[in-house]
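Participant: Below is a structure I'd like to ask you about.
The values are calculated or read from the model by the stated rules, or taken from the named source; none is laboratory data. The model shown is predicted, which means the values in this text are computed figures rather than measured ones. For neighbour counting, all protein chains shown are included, and Cβ atoms are generated from backbone atoms with ideal geometry for every residue, glycine included. All accessible areas refer to the heavy atoms of the entire protein, side chains included, with ligands and DNA or RNA removed. Shrake-Rupley method; radii C 1.70, N 1.55, O 1.52, S 1.80 Å.
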Amino acid sequence: MKTVQGWPLDTAKQVEVVTGRLGSITLYELRDPVAVLVVARGAVSLKMIRHEIEYVTEFAKHHTQGWCYLGDVRRVRLLNPWNLIALRRIGRLRGVSARVIVVPAFARWLAPLAIGELTTSVADALARCRTAR
């Protein structure tokens with residue numbers, strides 16, 4: 001089984017890599033469940049987030065029957081606070097049934113600011129996505 005940071009990618013396709021000076025965002029399309037998986041690492045800039053939002057917006061246009069946004073920020077080391085404001089646009093996209101973010105255990109206190117439900121488990125994130133449809 002092919003995995004990235006614990007995510008099973010047998011039914012996934014890497015579709016985009018957004019790079020910055022000190023970080024990256026890799027986007028995958030999952031078929032089961034239908035989702036966009038965003039794996040971020042390092043320092044994530046607002047410019048990188050804007051590119052991610054553009055891609056996710058296009059994905060939403062083609063999956064109006066329902067889809068999930070799955071994020072993995074366990075390896076993010078520096079986050080621009082404006083990113084959280086920009087990412088709120090994803091919740092308004094057509095067809096999004098759940099937004100679940102995998103975070104390190106110490107970051108659970110961010111729940112009031114998060115753009116989705118927080119969890120520390122990839123398996124839990126996938127289960128929440130499957131039950132949201």
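Participant: Before I look further, what does the chain give for accessible area per residue, probe 1.4 Å, in whole square angstrom?
Facilitator: 54
Participant: In percent, how large is the relative contact order of the chain, given Cα pairs closer than 8 Å and 6 or more residues apart?
Facilitator: Computed value for the chain: 20 percent relative contact order.
Participant: Counting only DSSP beta bridges with both residues in the chain, what percent are antiparallel, rounded to the nearest 5?
Facilitator: Approximately 50 percent, going by the DSSP bridge assignments.
Participant: I'd like the carbon and sulfur percentage of the solvent accessible area for the chain, probe radius 1.4 Å, heavy atoms only, ligands and nucleic acids excluded.
Facilitator: 54
Participant: OK, next. Divide by every residue of the chain the summed helix terms, -39500 (n - 2.57) for each DSSP H run of at least 4, and state the resulting mean residue ellipticity at 222 nm, rounded to the nearest 500 deg cm²/dmol.
Facilitator: When only DSSP H runs of four or more count, the value is -8000 deg cm²/dmol.
Participant: Then there is this: So which residue, out of LEU30, LEU118, LEU79, gets the largest mean-square fluctuation from a GNM of the chain using Cα contacts under 10 Å as springs?
Facilitator: LEU79
Participant: Using the Cβ atoms and a cut-off under 14 Å, what net charge is assigned to the surroundings of ARG50, where Lys and Arg are +1 and Asp and Glu are -1?
Facilitator: Here the charged neighbours net out to -1.
Participant: Along the three principal axes, how long is the chain when you take its alpha carbons, biggest first, rounded to the nearest angstrom?
Facilitator: 33, 30, 28
Participant: More than 16 Å apart: what percent of Cα pairs in the stretch 46-124 qualify?
Facilitator: Across the stretch 46-124, Cα pairs with separations above 16 Å total 51 percent.
Participant: Taking the Cα centre of the chain as the origin, how large is its charge dipole in debye, to the nearest 20, when only Lys and Arg (+1) and Asp and Glu (-1) carry charge on their Cβ atoms?
Facilitator: Charge dipole of the chain: 260 debye, to the nearest 20.
Participant: Could you list log10 I(q)/I(0) for the stretch 21-87 at q = 0.18 Å⁻¹, which the Debye formula gives when each Cα is one point scatterer?
Facilitator: Each listed q corresponds, in turn, to -0.65.
Participant: Keeping every protein chain in place, order ASP10, ASP72, ASP124 by accessible area at 1.4 Å, biggest value first, i.e. largest first.
Facilitator: Of ASP10, ASP72, ASP124, the descending order of accessible area is ASP10, ASP124, ASP72.
Participant: Moving to a separate point now. Less than 11 Å Cβ to Cβ from ARG41, Lys/Arg counted +1 and Asp/Glu -1: what total charge do the surrounding residues give?
Facilitator: Summing Lys/Arg as +1 and Asp/Glu as -1 gives +2.
Participant: Please report the net charge: other residues with Cβ closer than 12 Å to the Cβ of ARG99, K and R +1, D and E -1.
Facilitator: Overall, the nearby charge balance is +3.
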